[in-house]
Number of protein chains: 2
Amino acid sequence: MATTRVVIIGAVALGPKTACRIKRLRPDFHVTMVDQDEYISYGGCGIPYYISGDVSDVSELMSTSFHMLRNPQFFEKAKGVKVLTRTRAESIDRKAKTVRIRDLNTGQEDDLPYDYLVLATGSVANRPPIPGLDHPRVTSVSNLHEAVAVKEKIAQGEVDKAVIVGAGAIGCEMAEALSDLWGVETALVEIAPQVLPGVLDTSLARMVRKHLEEHDVAVHLGETVREVAAPAEGDGPLVVRTDHRELEADLVITAVGVRPSGELARNAGLAVSPRGGILVNQRLQTSDPFIYAGGDCIEVMHQITGRHFHFPQGSLANRQGRVIGTNICGGSARFPGSVGTFAVKIFDLAVATAGLTRKAAREEGFDPLFVLLVQADRAHFYPTQDLMYLAAVVDRRTRRVLGIQGVSHNGDALVGRVNAVAAIMAARGTVEDLSNLEVAYSPPFASAMDIVNALGNTAENTLDGLNRPLDPEVFEDLFFHGQDDRILCLDVRGPQNAAPFVARFGDRWINIPQETLEERLDQVPRDKQLVLICNSGVRSYEALLQLRKAGITNALNLQGGVAAIKKSGIVDLSGE
Amino acid sequence: MATTRVVIIGAVALGPKTACRIKRLRPDFHVTMVDQDEYISYGGCGIPYYISGDVSDVSELMSTSFHMLRNPQFFEKAKGVKVLTRTRAESIDRKAKTVRIRDLNTGQEDDLPYDYLVLATGSVANRPPIPGLDHPRVTSVSNLHEAVAVKEKIAQGEVDKAVIVGAGAIGCEMAEALSDLWGVETALVEIAPQVLPGVLDTSLARMVRKHLEEHDVAVHLGETVREVAAPAEGDGPLVVRTDHRELEADLVITAVGVRPSGELARNAGLAVSPRGGILVNQRLQTSDPFIYAGGDCIEVMHQITGRHFHFPQGSLANRQGRVIGTNICGGSARFPGSVGTFAVKIFDLAVATAGLTRKAAREEGFDPLFVLLVQADRAHFYPTQDLMYLAAVVDRRTRRVLGIQGVSHNGDALVGRVNAVAAIMAARGTVEDLSNLEVAYSPPFASAMDIVNALGNTAENTLDGLNRPLDPEVFEDLFFHGQDDRILCLDVRGPQNAAPFVARFGDRWINIPQETLEERLDQVPRDKQLVLICNSGVRSYEALLQLRKAGITNALNLQGGVAAIKKSGIVDLSGE
């Protein structure tokens, strides 16, 4: 039998992983990787850390954990994989089972025969239709060339001011990279009314926005960039014109998402989604069983919605690469899909999520409830404890957990909890499963009633009609911007905590500590819309039930309490 | 209808949680908590941190997160729960539905009628049958009285030397508490041949032992305490005699486990296990449907073995308390059991586990495989990355994940991963589920191929016969203590890493870097039992496959590589 030939188009993340897995299982297979770039097998997700200086040399992003450069020679010698760089795959002849390749240095074309073909063509950065984006000081940071160029500009002192278009993960990471170490005056412009749209709901997005602003990033939300104008003189800053303002910038970075590179597949007649993502089955085969695809160029099954979505993540690419390698070697591995786990560090705040936001859940036809909890991330008596802000999106009808999202200054503590909840979401877990989720308990790491369990309990209490939560931003609208003078805050904390609020808001903010509420029920106004408030939403829940027992049933409980409205900048009492 | 009366026996953890849940759901129910102690509702798990000084005042262990003391007045005023302290439940009359109680101050007895009874009688510290344990300077630390007494002794300078009997979680935590801040010369004596028996397998237990010793704790394993002898003169130290040595001690702490307090239940004719744990259904009802039980006094269903086990954890007690409260109020909540998640911090090392050890799995009739992986806990190029030591126990027949165990200096990062794996174990996950476990990826928090996924891959490779792992301690036996001169280490790292080992072990340790192995196959001895070695076990796996391709099939791969044998103290080359 002739040697089996595998051709892999694309040599970042999925490509190398697939190649290595194949060579481990079947050292006799002939594996060729083709990439149009000369940089291969790099950690693209590390680009912001390279630009910030956390990663000092670009070669670290291209090295193994044992400091070997993952260049073509490495793949040849250590892995037995042939690599053709600066070589573009032009087209696929599925009948002949060949790939037409073109050497970008010499222009020479060739046909590469395959028994199995792997498409690892990745994604390309979206380029918004804004005049002026072709200026050389406007760039995305979607590959190492751009990253190196940006860092060079900054390191040479050419960038005093920068504008980042798009406040998704990359935009936020870049804001930190530019402003934290390099001191670049950075503005973030986002068309959506919040940062991290699609990832966070408003309550938590507000907290991230405040954190960015506290680190001197100017955040302009709900603004559209209309034009990037070249400087009047050659050396002056560019002018970024939005529908609200003009911003000067020595550098403009666009970070408005990526789209799958499915052209090659589409041209070859393979099934591709309207978005351009290659469609695959759980074995990661395309509509041609001899052609596999994975990584940023495909769509994966969303385990909550049951529908395809595009979720470009280096982690998925790596796991998929192994599945493809196994299957090409005759195995039977599958990639089950994704619940969309996500993490990003923004200055010293971590954001982690999985599943759907409330907004997305609504659009998908669920009847979502959003529950926000603020609690210590470990035993409240343990010295290093810090507040964690964690929210769940659950379906009122089925009680399924649809999403989890949180922010925390202890990133590992947050990410770990999100991962555990993601695991139960993939298994179609309900709020009862969240209440019972088994968290390893020890005071340095968790609470006896851990925040994830308490979140499940709160969701259950709300579904059962016991709790009546009010979102922080709705509270802001009602209390600060509303005209309704029937809104009255009943602060059930101790007098010391409540005093500055009572001083500031006068008779709109009254204080009756929860443990005295039973005796002072006659002091609770019955003609007002009461908002019950404590530090976190826990004691105010208790108060809500006490009021209900007394026949006062219209009170609402401020979710996350004062901790949440402070963290999101809704209220800031320096006197406290 | 008359008011429903609930009596709860025991006012720590489960009792208060049950009481509060009931009062929230049914404020009209009459709830009475009875406890023989005057200290109630305290965080017993915080005792080591109180003794160490991390928690400065004992009242912090008895306070809410908003600094209110959880005393009887608090329960009365804030929660509407009646509490009788210093009151012992003597017996239950199930027919009359009354509890005979006795006021420990006055001696007066009374019958307390109930509609529902909740047993939260907790556990008692085991007292090993050792002569001399009744000396006043010998104590356990299972309640606040003992904790306060121990801290007082230490704070007053009465303790220069201490012996702790038992190297389980409490023993190890106490070793840190005594030696770290207070500088007490501490010895840990354990009857089993390892620390944390039942929780860790040998490979990781060795690492914990080394860590304790590096922090000046003397660790004596496989030793039995025969006697604690009073000092010859009144003020001198006690003498702890083991079967191997004599140790002086101003304080002896016994920490040899606890057993469920099931006497009251047994005397009332309720079903109790031979170990003394009260047996309950998933609704947490005892064999009498009007009597519920939870917390340290019951046995729970182990979700891996399907059998009852005793797993005293404050976290389980809290979750169970809510379930009981819900059910007493007419709801239908269940406690699904436990996979035994566990965490402990020992100096600056975290240990976290879930499920079964290899040893336990074998005893339960599984055919377990133990897989150890050492890998960075986040992107290897990210500055704060550190090695994590993570192991899985999987069943060879069914490929189920039976256990996960790890040690790490980033506790949150480890605990988070163990919790996520615990979630899939509870759902009967396999190694394929571990390979596909969705971990939120971002370089500051995870690797693109995260350690948990890589662990699943390694397990799969081993089950499929591709990898042939050798445990660090078996390697130690073979290479250091064995007489077999056919054992040869083939170090496939770069020459710089290998040099000190080659220098020390001469022709028993040869170096051929993995990327040159293909060309230097003729230098590989074929008459030896080869042990392939790299830093972590990854490159040596690659080498194993290369050798197999060349017809050398008997090589073994040192699991965890040099990182593991260094971490466990098997080899220490200061020259490196």
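Taking the criterion of being more than 7 Å from chain A (Cβ to nearest Cβ), assigned to a helix (DSSP H, G or I), under 15 Å from residue B:557 (Cβ atoms) and without any contact (Cβ under 8 Å) to a residue 24 or more places away in the chain, the only residue of region B:454-484 that qualifies is B:474. Report yes if residue A:232 is modelled with pLDDT under 95 and not assigned by TED's automatic domain parsing to the domain that holds residue A:89, otherwise no. Criteria met by residue A:232.
Remark: residue B:333 matches the filter, which requires a residue to be more than 27 Å from residue B:173 (Cα to Cα), within 14 Å of chain A (Cβ to nearest Cβ), out of contact with any Cys (no Cβ under 9 Å at 6 or more places or on another chain) and open to solvent by 10 Å² or more (accessible area, probe 1.4 Å).
Restricting attention to region A:25-43, which residues are buried (at least 21 other Cβ atoms within 10 Å of the Cβ) and modelled with pLDDT under 95?
Within region A:25-43, A:40, A:41, A:42, A:43 qualify.
Out of B:459, B:543, B:498, B:427, one residue alone is assigned by TED's automatic domain parsing to the domain that holds residue B:366, of a type in the set (Gly, Ala, Ser) and either closer than 27 Å to residue A:76 by Cβ or surrounded by 24 or more Cβ atoms within 10 Å (Cβ to Cβ) (or both). It is B:459. Of the residues screened, residue A:415 is one that is closer than 30 Å to residue A:337 by Cβ, in contact with a helix residue (DSSP H, G or I) (Cβ under 9 Å, 6 or more places away or on another chain), within 12 Å of chain B (Cβ to nearest Cβ) and not hydroxyl-bearing (Ser, Thr, Tyr). Can you tell me which residue within region A:440-453, out of those that are open to solvent by 10 Å² or more (accessible area, probe 1.4 Å) and at the interface with another protein chain (Cβ under 7 Å from one of its Cβ atoms), is nearest to residue B:347 (Cα to Cα)? Step by step, filter region A:440-453, then rank; the result is A:445. Give all pairs with beta carbons closer than 6 Å in which a residue from region A:24-51 that is at negative phi and of a type outside the set (Phe, Trp, Tyr) meets a residue that is open to solvent by 40 Å² or more (accessible area, probe 1.4 Å) and in a helix (DSSP H, G or I); count only pairs at least 6 apart in sequence or on separate chains. Close Cβ pairs (under 6 Å, with a partner that is open to solvent by 40 Å² or more (accessible area, probe 1.4 Å) and in a helix (DSSP H, G or I)) amount to A:27/B:549.
The residue that is farthest from the other protein chains (Cβ to nearest Cβ), among those in region B:47-90 that are over 24 Å from the mean Cα position of the chain (by Cα) and among the small types (Gly, Ala, Ser), is B:89.
Here the strands (runs of 3 or more DSSP E) wholly within region B:243-313 that include at least 1 residues being under 19 Å from residue B:14 (Cα atoms) and either in contact (Cβ under 8 Å) with a residue 60 or more places away in the chain or over 19 Å from the mean Cα position of the chain (by Cα) (or both) are B:258-260, B:291-293. Residues in region B:188-200 that are at negative phi and open to solvent by 10 Å² or more (accessible area, probe 1.4 Å): B:190, B:191, B:192, B:193, B:194, B:197, B:199.
I want to confirm something. Restricting to region A:552-568 and keeping residues that are of a type outside the set (A, V, I, L, M, F, W, C) and modelled with pLDDT of 95 or more, which single residue is farthest from residue A:202 (Cα to Cα)?
Residue satisfying both the conditions and the ranking: A:557.
Residue-level analysis places residue A:314 among those that are in contact with a Gly (Cβ under 7 Å, 6 or more places away or on another chain) and facing chain B (nearest Cβ under 7 Å).
Residues checked against (1) over 30 Å from residue B:316 (Cα atoms); (2) under 30 Å from the mean Cα position of the chain (by Cα):
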residue: A:457; (1), (2): no, yes
residue: A:467; (1), (2): no, yes
residue: A:473; (1), (2): yes, yes
residue: A:476; (1), (2): yes, yes
residue: A:480; (1), (2): yes, no
residue: A:486; (1), (2): yes, no
residue: A:496; (1), (2): yes, no
residue: A:505; (1), (2): yes, no
residue: A:510; (1), (2): yes, no
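Taken together, the residues in region B:97-139 that are within 30 Å of residue B:3 (Cβ to Cβ), within 25 Å of the chain's Cα centre (by Cα) and open to solvent by 30 Å² or more (accessible area, probe 1.4 Å) amount to 1. So which residues in region B:500-510 are farther than 17 Å from residue B:563 by Cβ and either within 12 Å of another protein chain (Cβ to nearest Cβ) or of a type outside the set (Lys, Arg) (or both), if there are any at all? B:502, B:503, B:505, B:506, B:507, B:510 - these are the residues of region B:500-510 that are farther than 17 Å from residue B:563 by Cβ and either within 12 Å of another protein chain (Cβ to nearest Cβ) or of a type outside the set (Lys, Arg) (or both).
Does at least one position in region B:38-46 carry a residue that is charged (D, E, K, R) and at the interface with another protein chain (Cβ under 10 Å from one of its Cβ atoms)? No, that holds for no residue. If you go through region A:290-311 one residue at a time, do you hit one that is crowded, with 23+ Cβ neighbours inside 10 Å, at the interface with chain B (Cβ under 8 Å from one of its Cβ atoms) and small (Gly, Ala, Ser)? No. If only residues of region B:421-432 that are within 10 Å of another protein chain (Cβ to nearest Cβ) and assigned to a helix (DSSP H, G or I) are counted, the one that is farthest from residue A:424 (Cα to Cα) is B:432.
Counting the residues of region A:140-181 that are within 26 Å of residue A:209 (Cα to Cα), modelled with pLDDT of 95 or more and open to solvent by 30 Å² or more (accessible area, probe 1.4 Å) gives 3. Counting only helices (runs of 4 or more DSSP H) that sit wholly inside region B:488-576, those with at least 2 residues that are touching a Leu at 6+ places or on another chain (Cβ under 7 Å) are B:495-505, B:538-549, B:561-567. Which condition from (1) open to solvent by less than 20 Å² (accessible area, probe 1.4 Å); (2) within 14 Å of chain A (Cβ to nearest Cβ); (3) in contact with a strand residue (DSSP E or B) (Cβ under 6 Å, 6 or more places away or on another chain); (4) on the phi < 0 side of the Ramachandran plot is the one that residue B:385 breaks? Here residue B:385 clears every test but (1). When A:241, A:266, A:245, A:275 are checked against the criterion of being farther than 29 Å from residue A:314 by Cβ and surrounded by fewer than 16 Cβ atoms within 10 Å (Cβ to Cβ), A:245 stands alone in meeting it.
The values are calculated or read from the model by the stated rules, or taken from the named source; none is laboratory data. Because the structure is a prediction, the values reported are computed rather than measured. Cβ sites come from the backbone with ideal geometry, for glycine too, and all protein chains shown count toward neighbours. When the accessible area is computed, the model is the full protein with side chains, heavy atoms only, and any ligands, DNA or RNA have been set aside. Shrake-Rupley method; radii C 1.70, N 1.55, O 1.52, S 1.80 Å.
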